[in-house]
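Remarks on the structure that follows.
The values are calculated or read from the model by the stated rules, or taken from the named source; none is laboratory data. Everything quoted here is computed from the prediction, not taken from an experiment. Backbone-built Cβ (ideal geometry, glycine too); neighbour counts: all protein chains shown. We work out accessible area using only protein heavy atoms, side chains counted, and drop any ligands, DNA or RNA first. Shrake-Rupley method; radii C 1.70, N 1.55, O 1.52, S 1.80 Å.
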Amino acid sequence: MTNKPHNAATQASPQASATAPLAMWLVLLAAAGTFALTMGTRQTMGLFLSALNTSTALGIGSISLAFAFGQLWWGLTQPFAGAVADRIGTGRVILLGVALVALGTFITPYMTSTWGLIFAIGVLAAGGAGMAGPSVLMAATARLVPVHQRGLASGIVNAGGSFGQFVMAPIAISLTAAVGWTSAMQWLGVMVLLTLPAVWALKGNSNALAAQAAAASGQKALTAREAVAQALTTPSYRYLAVGFLVCGFHVAFLATHLPGVIAACGLPPEVGGWALAVIGLFNIVGSLGMGWAVGRWRMKSLLSLLYATRGVAVLVFLFAPKTPAVVMIFAAVMGVTFLSTVPPTVGLVAKMFGTANMAMLFGIVMLSHQIGGFLGAYLGGSVFQATGSYDWVWYIDIALAAGAALVNLPIREAPLARSTAPAAA
């Protein structure tokens, strides 16, 4: 009697197991390239905060609200975009998302009110980036590559986002110097359209694959509502989401306010741009290393280590002299941990629930991440406007990092039991 694979996570990728090496690398290039341009564009917007404030005279707090809303909306779109991509196809969702990112970024310089900035940055650009974001891209990659290479594949896609930040920050600085901040931002929006060929490489959905896996294993295929209900009643999934909320706080605060932190230290603006670039560069190392480590150590332990490292790095930075060298070292350490939380988080979702509803379930975790992002972006501007310093935000950041390191430890790394169909007589 031939033994069958024991869970849907293994079964859910007959398409992936048949993927030729060349086709697999095409998939990874498409996903990583899309993430590079959407993430790179979003993560360099903090470089324009001062120019937007000078142009609109709205105040740092009001402009931070637009950035903060963008963090939240980016997260809110991902569960819904993931559910649609799971069922009607990844390519169509990415096409719409890329178009919205380009449009929102292009029209931002024309916005002169808080609500206008919220619409351009927070609704259009951030919503589009959510549609062409990690939940959709990671799920497509998991569907299209072999199971044993998912960890490395998610690390490569995640490194794409970091590479985008590394490349786009200097490009934004150079364009601003050459043509002014308004045209620079618009050129960034146009550059996002270079991702359109990825629509073809990543097309398809996981619905048919999930049905095949369920039929082969005798397990009941869950509807989207059943999958969400199962996930939300699973303690390990909730712990994972809480930890990822803290990750969002860290990432959004740094992406939005690190240039302001550096300016408040009396350092030239160029240091802020290069600090963002260094974060992106070293996150490539962290993402690839974490993708490799996912298959060798417990993912929950890796997450705890990353959050603890962030907290220690911030504590040391607070008491260190604020020189360009110290800033770059801090940026490098934070870069290694910046988005390297994604591969183990993706891996845990796939391990617990399989790939059938992965884009949607990882999208919910990303929503938690972006609630943290909203708080990080908004509190950074509000606290600075009220106190003239970012110190209290750093204190909160350290406390949250310690909490995230602890909350990941009780996670159980095992596939969930699923209801099965009656065995044939």
In the chain, lysine pairs closer than 23 Å at Cα, eight or more apart or cross-chain | 4
Per DSSP H run of at least 4 residues, take -39500 (n - 2.57); add these up for the chain, divide by its residues and hand me the 222 nm value, nearest 500 deg cm²/dmol.
-> -25000 deg cm²/dmol
In the chain, taking the dipole from +1 charges on Lys and Arg beta carbons and -1 charges on Asp and Glu beta carbons about the Cα centre, the listed residue (Ala99, Met185, Leu26) farthest towards the positive end is Leu26
Counting only residues 5 or more apart in sequence or on a different chain, those whose built amide H sits under 5 Å from that of Tyr390 are none
List every residue whose amide H lies under 5 Å from the amide H of Lys203, counting only residues 5 or more places away in sequence or on a different chain, with H placed 1.01 Å from N in the peptide plane.
-> Gly91
Residues Trp200 and Ala229, FRET efficiency given R0 of 35 Å [Cβ-Cβ distance, rounded to 0.05] | 0.50
Most to least accessible of Arg87, Arg298, Arg238, Arg225 (protein chains only, probe 1.4 Å) | Arg225, Arg298, Arg238, Arg87
Put +1 on the Cβ of every Lys and Arg and -1 on every Asp and Glu Cβ in the chain; which of Thr234, Met334, Phe317 then has its Cα farthest towards the positive end of the dipole?
-> Thr234
Please list 190-201, 116-127, 369-380 highest first by mean number of surrounding beta-carbon atoms within 10 Å per residue.
-> 369-380, 116-127, 190-201
Per-residue HN-Hα couplings for segment 79-84 [Karplus 6.51, -1.76, 1.60; θ = phi - 60°; Hz; x = Gly/Pro] = x, 6, 4, x, 5, 5
Crossing angle, helix 181-191 versus the chain [Cα axis fit, 0-90 degrees, rounded to tens] | 20 degrees
Relative contact order %, the chain, counting alpha carbon pairs below 8 Å whose residues are six or more apart = 29 percent
Find how many whole Å separate the alpha carbon centroid of segment 21-35 from the alpha carbon centroid of segment 229-250.
-> 28 Å
For segment 90-100, what does the Karplus curve 6.51 cos²θ - 1.76 cosθ + 1.60, with θ = phi - 60°, yield as ³J(HN,Hα) per residue in whole Hz, taken in order and with x for Gly and Pro?
-> 5, x, 5, 5, 5, 4, 5, x, 4, 4, 5
Karplus (6.51, -1.76, 1.60) ³J(HN,Hα), θ = phi - 60°, over segment 280-291, in Hz, Gly and Pro reported as x = x, 4, 6, 6, 4, 4, x, 5, 5, x, 6, x
Segment 232-325, relative contact order in percent, only Cα pairs under 8 angstrom and at least six apart counted | 23 percent
Calculated Rg and Dmax of the chain using C-alpha coordinates, Å | 20.9, 77
Ordering 22-31, 155-164, 269-278 by per-residue average of other C-beta atoms within 10 angstrom, highest first, gives 155-164, 269-278, 22-31
